[in-house]
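Reviewing the structure listed below.
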């Protein structure tokens, strides 16, 4: 069977004023066999008299069933203004009148969905399928499997891209997630370079079977949140390397009524913030967990800061477990440096609720506020202290156990001077020998070492270390996230 390709090109010159819905695929409820290339360009519907304007990458119908797309969807919008009520749907869109008892059902999409939004203004962006109206207690058992990979690329020109960009399926009408439950998107990547988005969230009351990744390198975002209700079946990553987040950055979810019994990230959360070249501004807080007692991160959570402190404009609080009873079941780690890039400079925020504070190879961190953790893990060539010379009188770096990781290049017979790591702003008077662990750079525990002390018996370093370091431990710790991101980029 041959493969066909549909190209929908819509311009201001060939669209009728009464039209409010345009689809890249079919509109008669039948299946589309092949890939869809949906192109919408130079289109201004902001003054349209109809209530809503929709641009749909896949099939669209008013007759209940949209038909399936037996292929992939590539949707590109350039210089498009849909007005205050305009919506963009990457997949299929069913918009029946539920008052007539018609079931809104979307067909399956066998391939991937890619959305490119270039200088676009809209109200909402939905990456997957959308049902505008659903019938309460309808039989949705015939719904198809979900999309494997969804990619949304946002590149605006200081425009209001959308009130919200959702990398998931969506529905309006009754709060019945069964209407889309079996069409869950498996993996999603949202890349933002320019423009403005009110909220970026991967899931809206639905689920992913795989991973979700959000990358912000420029522009402005109101808030980033995992979801309002829903499930991410794998890992959830957020990478902010440029631009501004006006509000909070949330690795977990915010549950809502009807979804409160379970909203979760089933894997790990990794939030990475900072850059050596670009300015990053975050006006709110950073939460590794969620914002409600009904939300859970079933794995661990890591918030890592990289780049130059002078490029990071952040004075909020970083919460390891989230807020209002949100749970992170695994280890909660805050890291300065991530194995690929170190962190150097002052950190102006507060740290709350973390198990581990890790200072990566070559990093030099000046804290501004007190912090208390169970484990302080530092590389032998790293530095950590407080920003002010006399900060020790007012600030405290409290930890129960000290883990020293031998940096790449450490030679057997070299010593570690704690004065070089902590300087004069951190007091180590209560440190004991049995609370110190030494590891090589591959994470293997080093058993042979001694502690050195000053005239008052305070520990000042470790000597007589017998170890040959292997490749960086941080590379192993963060490798799973790097592999996931690389796989997403290849897709």
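To keep it simple, each residue is scored yes or no on (1) surrounded by fewer than 17 Cβ atoms within 10 Å (Cβ to Cβ); (2) in a strand (DSSP E or B); (3) modelled with pLDDT under 65.
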| site | (1), (2), (3) |
| --- | --- |
| 114 | no, yes, no |
| 117 | no, yes, no |
| 135 | no, no, yes |
| 140 | no, no, yes |
| 147 | no, no, no |
| 153 | yes, yes, no |
| 158 | yes, yes, yes |
| 163 | yes, yes, no |
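Having 2 or more residues that are in the same structural domain as residue 324 (by TED's automatic domain parsing) and at pLDDT below 95 is the bar; report the strands (runs of 3 or more DSSP E) wholly within the range 216-260 that clear it.
Answer list for the range 216-260: 220-224.
Looking at this structure, is residue 324 surrounded by fewer than 23 Cβ atoms within 10 Å (Cβ to Cβ), over 22 Å from the mean Cα position of the chain (by Cα) and either assigned to a loop (DSSP other than H, G, I, E, B) or in the same structural domain as residue 463 (by TED's automatic domain parsing) (or both)? So residue 324 fails the test. Would you confirm, using the coordinates I've provided, whether residue 446 is under 37 Å from the mean Cα position of the chain (by Cα), surrounded by fewer than 16 Cβ atoms within 10 Å (Cβ to Cβ) and modelled with pLDDT under 95? So residue 446 does not fit the description; no.
Within the range 1-33, being modelled with pLDDT of 90 or more, buried (at least 18 other Cβ atoms within 10 Å of the Cβ) and part of a strand (DSSP E or B) holds for 22, 23, 32.
The values are calculated or read from the model by the stated rules, or taken from the named source; none is laboratory data. If you're wondering where the values come from, they're calculated on a predicted model, not measured in any experiment. Positions of Cβ are generated from backbone atoms using ideal geometry, with glycine treated the same way; all protein chains shown enter the neighbour counts.
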